[in-house]
Structure formats: structure tokens, C-alpha cells
Amino acid sequence: MSGAILDVRGLDAFYGPIQALFGLDFAVPAGGVTALLGANGAGKTTTLRALSGLVRRTGDIRLRGRPIAGLSTEAIARLGVAHVPDGRGTFTDLTVDENLRLGAHVRSDRSAARRDLDRVFGYFPRLAERRRQQAGTLSGGEQQMLAISRALMMRPALLMLDEPSFGLAPLVVADIFRILAAINRDDGVAMLIVEQNAALALDLADEAVLIETGRTALSGAAQRLRADDAVRRAYLGY
Amino acid sequence: MRLDVHLCALVGTPPVSAFLHQLASGLALGGVYAIMALALVMIFQATQLVNFAQGEMAMFSTYFAWRLIDLGWPYWRAFAVTVIVSFFGGIALERIVVRPFANAPALASVIVFIGLALIFNALAGWLYGYSVTDFPTPFDGPPWFGQRYLSAHESGAILVSLVVLAAVYAFFRFTSLGLAMRAAAQNPTSSRLLGVRVGWMLALGWGLAAAIGAIAGMMAAPIVYLDPNMMAGILLYAFAGAVLGGIDNPFGAAFGGFAVGVLENLMGAYVVGSEVKLSVALAIIVGVLAWRPSGLFGRRIVARV
Ligand SMILES: Nc1ncnc2c1ncn2[C@@H]1O[C@H](COP(=O)(O)OP(=O)(O)O)[C@@H](O)[C@H]1O
Ligand SMILES: [Mg+2]
């Protein structure tokens, strides 16, 4: 598919001898948002981990047309794939500031990185207030904001988010999704977003993929999946 | 030099002044323990393993410096070259010897460390012999603070330790490489997702530990003399200091190193004599750990050794 920032064909993934993904196909359009939906244990987290090279995987993965399936996690990150992992991956012993500085670790454009820091503080003013605080002392919502901000400090071409709503109060979730939409709209950052909360994800997404036991069950425009009866009953609850 | 220490404690000096003397001179080896403790902590934080070869690596570096000085090199040039060579040697050791066991059980790594220690010890004995040798100090003038408390070397060794500790602190606190190393030790997966080359950070940690270990060895050798077993006792005290202060806390470990140095010296001079002071010092440390299992400044209990 041309115009895709990420193109995945026949993705298999393995935990030791156990295969968890079976030939997934999907894409993230340039500047677009793709939602990855599915029940608990379907393989959503594994998909992101496979894309980042955190689990053994085979298949064809292309970032802007360039094959990345053979690269290390570090190398993939350096190509502009920012992965906000489930559990948020906070450096709990480091300060908020240090967490954010780590996001810019691989960048050499210091002054642009400083401007990006102001930008994420613009999105999440609460982080600016807590700059010198140990990240482990932040609330869950603040840690999710920090994880997203840290990823944005990488100036990513693709932002992958694993259940950003997990364990957060509805108001905080709404806040975070509103900001994610703004980031996508204003900065043109493409996103691959994993969510249990399908209604939220489908609102944000252009495209959606439904995974069942490691296989692509359904994929297409987010609008179309929202209208699909099976998806509605199983994941949207009405 | 140890003999002087005991003489001045026993003969004729006023008690308070003698006590201060013991205290201050305990800080000299205490600084060496503090550096070695910090070297242990650097590796421990990244791997949850104690590098039992740290002492023998430092001993080997000290012999290397001794060879250079023996060849007629000026002290500080030999010092600097030794530190740099030890740094790259540490990196090479991690990459070549330790790395292949990264995913092996902890016990396999422990055996690798013990093997490394034995190899360095044997190599030093084979290359340089087992006889005890003098090692020069760059601080060999008159005492800095009059005759009372410290020899010039002891003062210099304390100063060097403080400089090393401050430099290590500044490196980890203020540089982005230091920050990346801390991040890699704390949360390797998150670090890799940000593009941090975690494997290299660990190798760099080994390089730094070897480099500061070399400095500790060169500061210790004029006091304990140079021989292939010179670091065995020192590593034990450093380990005790690290555990006392908290092996997951660099500040605590360095503090613990100084504390053990002073404790050792006071024990030796006033309580039990130098023969059994090691056991008494260790007993006190065990006592502290019974009261605070993760050390004075530590947060969690050591799970793997
Ligand atoms: N570390 C692991 N080792 C073995 N199997 C795993 C591991 N992590 C996940 N799995 C399995 O892979 C499948 C997909 O899990 P996951 O990707 O976490 O699902 P989701 O994120 O969609 O809830 C599940 O069957 C799960 O049991
Ligand atoms: Mg998951």
C-alpha cells in the first residue's frame, strides 16, 4: 500500500516455542490513526511488541517502505517508532524532567528538543508543574501523560500506544484522547493505538483492525467497523 | 605504615588526638573501600549481580601502573594511562567474557566472575611474581596538616577518593550519557524503546567500574603494598560497605565504604587488635543489617548475589 507509514504483511510472533500471532496484515496511513481492537489475550500487545522487536517475529514490516523486521528494538526506535508500552514504562526513580530528556536521547538537535519540551508541557501543563518530582510519585493519569510526552520527545514518525486508557478515570481518559487527537491533527503524527475501549479508539481512528486469537478477523475504515453488527455487539456493547 | 598508625595510638599521644588520628587514617582506606563499593554498585544496579572479580581487576590495573612507573614513566602519566587502559579493558571484558552469559542463570555469572578473579590473580603472579612490593605515592612530601593526624599519602588518597566520587556523581547526574546509563539499569525495555543502546550502557558501566577500581588500587597499594592478593581483603570490606550503606544506592555504598574504613581502624586500635578486627567489623555490619536489611540507605532486600 503506498502512502502508508507502516505496512505489515504476514506478521507472525512467538513467545519461545508458542506462536501468538498468525499472519497479521494491516497498515497505518501516513498522518493517520489505526486502531487495533480485540478481546483480552487476542494479541494486541504482542503486535506492538513484535513491531518494536521485543518478541521474536517474522513477516514483512515496512516503515515508510523500508523493511524493519530484522532490526533491533533500539534501531527501530531510532528510525522514529515511538512505543508507549502497556504499564507505561515509567522510569519511576527518575524525575519527570529526566524521563522527558530520555525521550530526546537519540536526537542531536538540542534546541529543537527544547522547543518540543515546551510543546509537550503545553499539551500537559500538569507535567510542567511536576518537573522535578520523581516520576514514580505521579498518579496513573499523569504517568500516562508522561509516557506520551516522552514518546513525543522522540519526534516520532509513528506513535504506538498500548491501552492508554487502562486503569484511568473516565475524565482523565477523555482528556488524554482529546490531546491525542490534537497531536495527530496539529503535528501530523501517525498513530497505531491499541484499546480495550473500542468506542473511544474508533472515534479517533481512520482505520481499524480487529484481532481474534492472533489473527486478523476484520479490518477496514473505522466508520465501517463501528457500523458492523458483530463488532458492535462484542466490543461496543450496544 | 600500618605499624606507625598503631604506634602513635599507643605511645604517648594524648587520647583525643590519637582517636582523631585513628579516625582520619581510617578515612584513607575508607575512601578506597568507597570507590570499590561504588564500582560494585554500578554493576549491581544494572545486573543484580556482584562482580567478585572487581578487586582482582583493580589489582591487575595497579600492577600495570607499577610496570609503567618501573619503566621510568612519571607517576601521573602512568596513572592516567592506567585509568584509560583499565576503562577499555573493562569494556572488552564485558563484551567478550561477560556478555555471552547475559541470559544465563545468576549462578553461571557468579562462576564467571570467580573465574575471572582467579585468572587475574594467577596472571599477576605469573607475570610479576608473588613477592610483596612497594608502590610509590605521588603524595610523598611532609604531612599536609602537621604531624598530627595523617601522612601526606593518606591525605592525598582521601582527596583523590572524594574527587573520584564527585566526578562519578556529576557524570551520572548531569550528562545525558550518565542519564541513559541510569535509565538502562532501571528499566532496560523502556530504555531500548527510546533508542538507548542498553548493551553498550552495561559495557560502559564495566569500563567505568574498572577505571575507578584502578584508581582505588593505586591509592591502596602504598598503604597495603603491592601483591597479587592485595585487593582480596579490600574487596571484602568494600562489599561490606556497599551492603551496609545499601547496595542499590551509590551514595549509601560510598558512605558505607568510608564507615567501614573508620570502623576497621578504630576496632584494630582500641578494641580487638588488628588480627580479628575484620570479624568484629563484619559482625557489626551483620548487626546493622539485622536491624535494616536493605542497608542504611537502601530500599529493597538483595534478591540475588
Ligand atoms: N510473555 C509471554 N509468554 C508467553 N505467552 C504470552 C506472553 N505474553 C503474552 N502471551 C500470550 O500471547 C497471547 C496474546 O497476549 P497479548 O498480546 O498480551 O494480548 P492482548 O494485549 O491483546 O490482551 C495470549 O494468549 C497470551 O497468553
Ligand atoms: Mg495487552
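The values are calculated or read from the model by the stated rules, or taken from the named source; none is laboratory data. Please read all numbers here as calculations on a predicted model, not as lab measurements. In this analysis, Cβ positions are derived from the backbone assuming ideal geometry, glycine residues included, and neighbour counts consider all displayed protein chains. Ligands, DNA and RNA are stripped out before the accessible areas are found, and what is left, the full protein with its side chains, is counted by its heavy atoms. Shrake-Rupley method; radii C 1.70, N 1.55, O 1.52, S 1.80 Å.
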Amide H contacts under 5 Å for A:ILE211, restricted to residues at least 5 apart in sequence or on another chain and with H modeled in the peptide plane, are A:LEU37, A:GLY38, A:ALA217
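In deg cm²/dmol, rounded to 500, what helix-only [θ] at 222 nm does chain A give when every DSSP H run of at least 4 residues adds -39500 (n - 2.57) and the total is split over its residues? Each step should come with its number before you reach the end.
Details: 9 runs with 85 residues, N = 238.
Helix contribution divided over all residues of chain A: -10500 deg cm²/dmol.
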Taking amide H atoms as placed 1.01 Å from N in the peptide plane, list the residues 5 or more away in sequence, or in a different chain, whose amide H sits under 5 Å from that of B:TRP144.
B:ALA152
For chain A, what relative contact order do you get, as a whole percent, if you take Cα pairs closer than 8 Å and at least 6 residues apart?
27 percent
Over the whole of B:180-191, what's the average partner chain Cβ count within 10 Å per residue? Rounded to a whole number, please.
5
Run the quick spin-label model on A:ARG66 and A:ARG215: label points 7 Å from Cα toward the beta carbon, then report their separation in nm to one decimal.
3.5 nm
Under a no-solvent Debye model with one identical scatterer per Cα of region B:93-205, what's log10 I(q)/I(0) at q = 0.23 Å⁻¹?
-1.15
Phi angles of region A:210-226, converted by Karplus (6.51 cos²θ - 1.76 cosθ + 1.60, θ = phi - 60°) into ³J(HN,Hα) in whole Hz with x for Gly and Pro, give 9, 10, 10, 6, x, 10, 6, 8, 6, 8, x, 4, 4, 4, 5, 5, 5
Would you pull out the residues with amide H under 5 Å of B:ASP248's amide H, same chain only if 5 or more places away, H placed 1.01 Å from N?
B:ARG299
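Which value in Å is the Kirkwood Rh of chain A over different Cα pairs? Walk me through the numbers before you get to the answer.
Working: mean 1/r = 0.0556 Å⁻¹.
So the Kirkwood estimate lands at 18.0 Å.
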Would you please classify the overall shape of region A:70-149 from the alpha carbon gyration tensor, given that a ≥ b ≥ c denote the square roots of the eigenvalues, rounded means a/c under 1.5, and beyond that prolate means a/b larger than b/c while oblate covers the rest?
oblate
Residue-averaged 222 nm ellipticity for chain B, from DSSP H runs of 4+ at -39500 (n - 2.57), nearest 500
-24000 deg cm²/dmol
Residue-ordered couplings for region B:150-159, obtained by feeding phi - 60° into the Karplus form 6.51 cos²θ - 1.76 cosθ + 1.60 and rounding to whole Hz (Gly and Pro as x), are 9, 6, 4, 5, 4, 4, x, 5, 5, 4
Sort B:SER161, A:SER108 by accessible area with a 1.4 Å probe, largest first.
A:SER108, B:SER161
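List the chymotrypsin sites (Phe, Trp or Tyr not before Pro) in region B:123-199 that DSSP assigns to loop (not H, G, I, E or B) and whose Cβ has at most 14 other Cβ atoms within 10 Å. Which are they?
Numbers: sites: B:TRP126, B:TYR128, B:TYR130, B:PHE139, B:TRP144, B:PHE145, B:TYR149, B:TYR169, B:PHE171, B:PHE172, B:PHE174; in loops: B:TYR130, B:PHE139, B:PHE145, B:TYR149.
Taking region B:123-199 and a limit of 14 other Cβ atoms within 10 Å, the loop chymotrypsin sites (Phe, Trp or Tyr not before Pro) found are B:TYR130, B:PHE145.
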Rounded Å value of the spacing that divides the Cα centres of region B:190-265 and region A:194-221:
51 Å
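Compute the length gained on full extension between B:VAL81 and B:VAL132: take 0.36 nm times their separation in residues and subtract their Cα-Cα distance, giving the result in nm to one decimal.
Details: separation 51, 0.36 × 51 = 18.36 nm, distance 2.34 nm.
Taking 0.36 nm per residue and subtracting the Cα distance, the gain is 16.0 nm.
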If you average the sequence gap of Cα pairs under 8 Å that are 6 or more apart and divide by the length of region A:130-218, what percent do you get for the contact order?
25 percent
Return one whole number: the accessible area per residue of region A:71-175 in Å², for a 1.4 Å probe.
39 Å²
Two pseudo-spin positions, 7 Å from Cα along C-beta at A:ARG185 and at A:ASN40, lie apart in nanometres by 3.4 nm
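Specify whether the C-alpha gyration tensor of region B:70-155 places it in the rounded, prolate or oblate class, a ≥ b ≥ c being the square roots of the eigenvalues: rounded for a/c under 1.5, otherwise prolate if a/b is larger than b/c and oblate if not. Show your work: numbers first, answer last.
Values: a/c = 2.33, a/b = 2.18, b/c = 1.07.
Here region B:70-155 falls in the prolate category.
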Give the relative contact order (percent, whole number) for region A:92-155; include only Cα pairs under 8 Å separated by 6+ residues.
57 percent
If each of A:THR58 and A:ALA169 carries a label point 7 Å out from its Cα toward its Cβ, how far apart are those two points in nm?
4.9 nm
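Please compute how much accessible surface disappears when B pairs with A, both sides summed, using a 1.4 Å probe, and round it to the nearest 100 Å². Walk me through the numbers on the way to the answer.
Numbers: alone 14170 and 10810 Å², together 22970 Å².
Result for this pair: about 2000 Å² buried.
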Could you derive backbone 3J(HN,Hα) for region B:226-243 from the dihedral phi with the Karplus parameters 6.51, -1.76 and 1.60 (θ = phi - 60°), listing whole Hz in sequence and x where the residue is Gly or Pro?
8, 7, x, 9, 4, 8, 4, x, 4, 5, 4, 5, 5, 4, 4, x, 5, 5
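How fast does chain B diffuse by Stokes-Einstein, in µm²/s, taking the Kirkwood radius from C-alpha pairs at 20 °C and 1.002 mPa s?
Details: Rh = 19.7 Å.
Here the translational diffusion coefficient equals 109 µm²/s.
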Three principal axis extents, largest first, for the C-alpha atoms of the protein assembly as shown, in Å?
97, 46, 43
Give the carbon-plus-sulfur fraction of the accessible surface of chain A in %, rounded to a whole number; probe 1.4 Å, heavy atoms of protein chains only.
50 percent
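In what sequence, largest accessible area first, do A:ASP97, A:ASP25, B:ASP134 appear using a 1.4 Å probe? Mind showing how you got there, number by number?
On the way: A:ASP97 20, A:ASP25 70, B:ASP134 110 Å².
Ranked list, largest accessible area first: B:ASP134, A:ASP25, A:ASP97.
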